[in-house]
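Here the structure is laid out as structure tokens; the discussion comes afterwards.
Here, each number is a calculation from the coordinates, and none is a lab measurement. All figures in this text were calculated on a predicted structure; none of them were measured in a lab. Because the Cβ atoms are built from the backbone with ideal geometry, glycine has one as well, and the counts that use them run over all protein chains shown.
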Amino acid sequence: MKARLFLFPMIFMLLLVCFTAIDVSSATAESASSLSGEIPIGAVWSMTGAAAVYGSTQKNASELAVEQINQSGMLGAAKIKLITEDDRSTKEGAITAFDKLIKEYKVVAILGPTLSNSAKAADPIAQAAKVPVLAVSNTAAGIVEMGDFIFRDSLPEMLVQPNTIKETKNKLGYKKVAILYGNDDVFTKGGYDAFKKALNDQGIQILATETFNKNDSDFSAQLTKIKGLKPDAIIVSALAEEAAGIMSQGRQLGIPESVPFIGGNGFNSPKLAQLAGPAAEGAITGAAWLISNDTPGNKAFVEAYNKKYGANPDQFAAQAYTGVYILANAIKTAGSSNPTAIRDAMAKIRDMDTVLGKFSFDARREPVHPPVVQIIKNGKFVLYK
Amino acid sequence: MLEFVSNNISTINFILINIALGLSIYITLATGLLSLSNAGFMAIGAYTVAIISTQSNIPFIVGLMAAIALGVALALPIGMLVLGLRDIYLAIATLGFGEIVRIIALNGDKVVHLFSQNKELIIFNGAEGITLTYRTPTIMLGLPDTTWPILIYVIVIVYILATLHNSRFGRILASIRQDETAASTLGVNVVHYKLLAFVLGSAIAAGAGALSAPIVRVIDPHNYVFSRGVDILAYAVLGGMTHWVGPILGATVLTSLPEALRFLKDQRDIVNGLIIMLSIIYLPAGLADPRIWGLFKRLVSFPKRERVS
């Protein structure tokens, strides 16, 4: 009897906490049927958790783009209302954020999420609800394959790395390489797969394939083995922190400077040169965007970003910025804020002027624009020539 | 009400899964064991279901049974090995187990290739993990058919724990928590009951992992890192470890708050931390502290007593 008395108020309280807690935020977003009023667009970034480094620049860049579009009157009387949600770098977070954006805010399109695996978990929700998704940083395989409402403006590693290998091989003439990659991360593992395929296609011999884990700090065992094999170049698929450790330890172990480090998308962070210092000199990486790019509006973008946030944008910022412009362009062409109309207009985008260069979607909704190869000189990324 | 449920269905799913996980650690904590292997057993359950449903056409319910059976089969030998340890040493050993599971999931295909003829066979798919195909859930009696199994699972666990709570078994577990030596002098087979609690907790966690698979859909090793284990522990710490209502409250509060506080953007995790900190300082026995509920009960039953007099 005593136990039961004790139980009922508890269950009551539980229900109370549960239902009041989730119900406090209810938004009122009217979905405009023609081009007037506010057009709600959702954005899901990893603003906290493991991928927060990328999510915060994406948030900044997307807000900057929305501000510019609304000021310029690009959409006539209509304004974009950007609703940004955090996914805490988890799949659960991305799923609840997509659910909220689609059902409660009735967004007409979604940008993001930051991580490829979160996209794999959350994008089918938008596909089922027929809301277009534009990924701006997912580089893994199997993203646009999820459905005809899923697009991306981030060049997958499978497109960037063959170009990197081709350009560097032509200029450096290397024949045998060693590979070092992080095998517990989707990003670095995807980069490795792309490099392996590109190297095989170009007929370059792979002397050794060594692995490490995220947050490792000692790479001397792998590097000593690689040094003994005397490769012409070392391919590294790692995030900036580990890549910096690999480069400085590699040079300390006496790997000569004539053997360059060639890296994937993970190298594309200003942090790399900061952390590795002189050891990062001469590191080569393929990228979708370069700060000194001579593409339409790139200089203005870098200046505006710098003015607003007091820091230089990186590749992830440029891709998020482009993403907002692609959506705005699709809304303008469609002349409607109907999600299906936006999808159809977006699928037809060809040779659009963006900071990434001339931008098109191919038939599979994959991005088409020229990738660049860059090299670190005096601690800065410059175009590899 | 119905609209509210359908708008927040994914949050409700995750609350229910986290309640099951909170209850899985509760049963070991109620026995005085600080075991952090729950994330590992959750991974075992999720991977079992994911592999079974990608490699064959076996129905989900069989996969769930297999996941729980595998959880029990692994928890028995591991429990026998590590339950000789106490306190922090047990925590470290069980934490190690969780990491081993994660690393096996990461490199599982290399192990498979050692024994298999087919060198291209991909089962675990390393860091990219297993992606289950998306299926639009059908609505049954107001709830999607993906939510019903979890709800039933949680109700069954709560029923079992509520029955056990005031049974001989429940009291024996409490006696082990309060004083292991005294319990053993009273004739309680401490080793036996500790192992039972550990296996029960692991089985619940494996089942919760299995049920989470169709909802999260992307099963990769990163889902089951150390911080997942800490999250599970936080549900029980906030809710309280002396009554099974504790982890239910803890998991509900800690899972729904970040959703409710979405307007705080990237600052919202601070609130969770603050709540845990305040509860540890002011409510060391958790939200389900019997003293608070005693007070509550007295307030509620007060008019009744007046009526009698």
Whole-Å distance linking the alpha carbon centroid of the stretch A:196-254 with that of the stretch B:126-197 is 46 Å
Karplus ³J(HN,Hα) for the stretch B:164-179 (6.51 cos²θ - 1.76 cosθ + 1.60, θ = phi - 60°; Hz, whole; x = Gly/Pro) runs 5, 3, 9, 8, 4, 4, x, 5, 5, 4, 4, 5, 5, 4, 6, 7
Rounded to the nearest whole number, the per residue volume of the convex hull around the C-alpha atoms of chain A in Å³ is 164 Å³
Between A:Val382 and B:Phe60, the FRET efficiency computed from the C-beta separation at R0 = 51 Å comes out, to the nearest 0.05, as 0.40
Kirkwood calc, the stretch B:208-274, C-alpha pairs only, radius in angstrom 13.3 Å
Taking A:Phe219, B:Phe198, A:Phe98, B:Phe60 and counting other beta carbon atoms within 10 angstrom, the fewest-first order is B:Phe60, A:Phe219, B:Phe198, A:Phe98
Expressed in angstrom and rounded, the centroid-to-centroid distance over alpha carbons for the stretch A:270-329 and the stretch A:159-195 is 21 Å
Here the FRET efficiency for B:Ile123 versus B:Asp179, based on Cβ atoms and R0 = 56 Å and rounded to 0.05, is 0.75
With a 23 Å threshold on alpha-carbon distance, the violating pairs from A:Lys59/A:Lys91; A:Lys81/A:Lys106; A:Lys81/A:Lys103; A:Lys225/B:Lys110; A:Lys166/A:Lys225 are A:Lys166/A:Lys225
Treating only Lys and Arg (+1) and Asp and Glu (-1) as charged, each at its beta carbon, one finds that the protein assembly as shown has a dipole about its Cα centre, in Debye to the nearest 20, of 680 debye
Hull surface over four for the Cα convex hull of the stretch B:1-151, reported in nm², is 11.3 nm²
Per the helix-only model, the protein assembly as shown has a calculated mean residue ellipticity at 222 nm (DSSP H runs of ≥4, -39500 (n - 2.57) each, divided over all residues, rounded to the nearest 500) of -19000 deg cm²/dmol
Output ordering of A:236-248, A:162-174, A:272-284 (per-residue mean of other Cβ within 10 Å, highest first) is A:236-248, A:272-284, A:162-174
Hull volume per residue for the stretch B:2-308, using the convex hull of the C-alpha atoms, in Å³ is 176 Å³
Per-residue average of other protein chain Cβ atoms inside 10 Å, peptide B:131-139 -> 3
Counting sequence-distant residues (5 or more places) and residues on other chains, those with an amide H built under 5 Å from that of A:Lys81 are A:Ile39, A:Ile41
Magnitude of the Cβ-charge dipole (Lys and Arg +1, Asp and Glu -1) of the stretch A:61-124 about the Cα centre, nearest 20 debye, reported as 160 debye
Across B:14-27, the residue-averaged tally of Cβ atoms belonging to other chains within 10 Å stands at 1
The helix A:157-172 Cα axis meets the longest alpha-carbon principal axis of chain A at an angle in degrees, between 0 and 90 and rounded to 10, of 20 degrees
For A:Val133, the residues 5 or more places away or on another chain with a placed amide H closer than 5 Å to its own amide H are A:Ile110, A:Ile150, A:Phe151
Expected integer from the mean partner chain Cβ neighbour count at 10 Å over B:257-267 is 6
Tilt, helix A:52-72 to longest principal axis of chain A (alpha-carbon atoms), in degrees rounded to tens, equals 60 degrees
